[in-house]
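To start, the structure itself, in structure tokens.
The values are calculated or read from the model by the stated rules, or taken from the named source; none is laboratory data. Only a predicted model underlies this, so the values are computations on that prediction, with no experimental measurement involved. Using ideal geometry, Cβ is built from the backbone for each residue, glycine included, and neighbour counts are taken over all protein chains shown. Quick note on the areas: whole protein, heavy atoms, side chains included, nothing else; ligands and nucleic acids left out. Shrake-Rupley method; radii C 1.70, N 1.55, O 1.52, S 1.80 Å.
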Amino acid sequence: MASQPARIVSAWRPAVPGVVEVFHARFTEYAYPMHVHDAWTLLIVDTGAVRYDLDRHEHGTPHDTVSLLPPHVPHNGSPVTPDGFRKRVLYLDGTYLGDELIGAAVDRPDLRDPLLRRRVGQVHGALLRPGEELEAESRLMFVGERLRDHLRGETDKARPADPVLARRLRELLDERVVEGIGLREAAGLVGAHPAHLVRAFSAAYGIAPHQYLTSLRVGRARRLLLEGRSPGDVAAATGFYDQSHLTRHFRKLVGVPPGRYRTG
């Protein structure tokens, strides 16, 4: 009996604005027929390569590229070698990329940009960890900004510092340590674009907004642990997703897990 082609798929919708779906897959012999999406397809291939047609032109996805397929434009996809391919995909709505960029994406769907590829991988890494939605959103802001620059031919554009804006975001984070705040809500409150807000904060303080918020939460957790509260209670009281989420960041910033810190 012939073996079936290997197909390993994982898909979910995270609580991150603008992300319609996250799709991780390992395919060997499977080939996609011509089809369309109503969302932007942001694709990186970790092993192997994919050959695809977009707007009647053939393209490929070697491992050092980021592929951006626009919505409403037919495309297909098939493995280049018998070993198949492993890919990670973000399907994005119009939050990060508008329809006015579809034409440019059709002309230049495969982007050779190591920094962009690393940032896309970092978004996927954050999306795999429950409780890291602010990190994923922050990283996705930079990805969207760089994609727009590529499509407009502005990748070397300089951006000014804005320490006043950075301070306003810090004040919001200080006020909402436990409940947190999404970047879009924060941007609306201070009247700035979310990507500019993240960039201004990082430039001013040398740390990303999600790292700053995590540091504040760990600081509160330390105080509560020393008061004798259990790690599970402390996680809930300081804004972490669960105890394992607290433990991961506590160990990273303090050097020991919460239980050991409390008992000495």
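Per-residue answers, yes or no, for (1) of a type in the set (Asp, Glu); (2) within 20 Å of residue 126 (Cα to Cα); (3) modelled with pLDDT of 90 or more:
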{"position": "30", "(1), (2), (3)": "no, no, no"}
{"position": "37", "(1), (2), (3)": "no, no, yes"}
{"position": "44", "(1), (2), (3)": "no, yes, yes"}
{"position": "56", "(1), (2), (3)": "no, no, no"}
{"position": "62", "(1), (2), (3)": "no, no, no"}
{"position": "70", "(1), (2), (3)": "no, no, yes"}
{"position": "74", "(1), (2), (3)": "no, no, yes"}
{"position": "79", "(1), (2), (3)": "no, no, no"}
{"position": "87", "(1), (2), (3)": "no, yes, yes"}
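In the stretch 154-161 there is at least one residue matching the filter, namely being basic (Lys, Arg) and modelled with pLDDT under 90.
Scanning the stretch 44-91 for residues that are acidic (Asp, Glu) and on the phi < 0 side of the Ramachandran plot yields 46, 53, 58, 64, 83. Take the residues in the stretch 8-30 that are in a loop (DSSP other than H, G, I, E, B) and open to solvent by less than 50 Å² (accessible area, probe 1.4 Å), then tell me which one is nearest to residue 73 (Cα to Cα). My answer is 18. Selection of the stretch 195-211 for residues being surrounded by fewer than 21 Cβ atoms within 10 Å (Cβ to Cβ) and in contact with a helix residue (DSSP H, G or I) (Cβ under 6 Å, 6 or more places away or on another chain) yields 204, 208.
If you check 223, 260, 251, 229 for being assigned to a loop (DSSP other than H, G, I, E, B) and over 22 Å from the mean Cα position of the chain (by Cα), only one passes: 229.
Assess whether residue 238 counts as being in contact (Cβ under 8 Å) with a residue 12 or more places away in the chain, polar (S, T, N, Q), out of contact with any Phe, Trp or Tyr (no Cβ under 8 Å at 6 or more places or on another chain) and open to solvent by less than 20 Å² (accessible area, probe 1.4 Å). In short, yes. Within the stretch 48-68, the set of residues being outside any loop (DSSP other than H, G, I, E, B) and under 21 Å from the mean Cα position of the chain (by Cα) comprises 66, 67, 68. Can you tell me which residue is most open to solvent (accessible area, probe 1.4 Å) among those in the stretch 175-190 that are free of Cβ contacts under 8 Å to residues at least 12 places away in the same chain and of a type in the set (D, E, K, R)? That would be 175. Checked against the criteria, residue 44 does not count as outside any loop (DSSP other than H, G, I, E, B) and loosely packed, with under 13 Cβ neighbours inside 10 Å.
Of all the criteria given as (1) open to solvent by less than 70 Å² (accessible area, probe 1.4 Å); (2) part of a helix (DSSP H, G or I); (3) under 30 Å from residue 100 (Cβ atoms); (4) out of contact with any strand residue (DSSP E or B) (no Cβ under 8 Å at 6 or more places or on another chain), the one not satisfied by residue 150 is (4). Which of the residues that make up the stretch 153-174 are more than 25 Å from residue 100 (Cβ to Cβ) and open to solvent by 20 Å² or more (accessible area, probe 1.4 Å)? Within the stretch 153-174, 161, 162, 163, 164, 167, 168, 170, 171, 172, 174 meet the criteria. For the condition surrounded by 15 or more Cβ atoms within 10 Å (Cβ to Cβ) and in a loop (DSSP other than H, G, I, E, B), residue 73 qualifies.
Restricting the search to the stretch 50-70, which residues are among the aliphatic types (A, V, I, L, M) and either in contact with an Asp or Glu (Cβ under 9 Å, 6 or more places away or on another chain) or open to solvent by 20 Å² or more (accessible area, probe 1.4 Å) (or both)? Of everything in the stretch 50-70, those that are among the aliphatic types (A, V, I, L, M) and either in contact with an Asp or Glu (Cβ under 9 Å, 6 or more places away or on another chain) or open to solvent by 20 Å² or more (accessible area, probe 1.4 Å) (or both) turn out to be 66, 68. Tell me, please, whether a residue that is touching a residue at least 60 places away in the same chain (Cβ under 8 Å) and more than 16 Å from the chain's Cα centre (by Cα) can be found in the stretch 69-85. So far as the stretch 69-85 goes, yes, one or more of its residues are touching a residue at least 60 places away in the same chain (Cβ under 8 Å) and more than 16 Å from the chain's Cα centre (by Cα).
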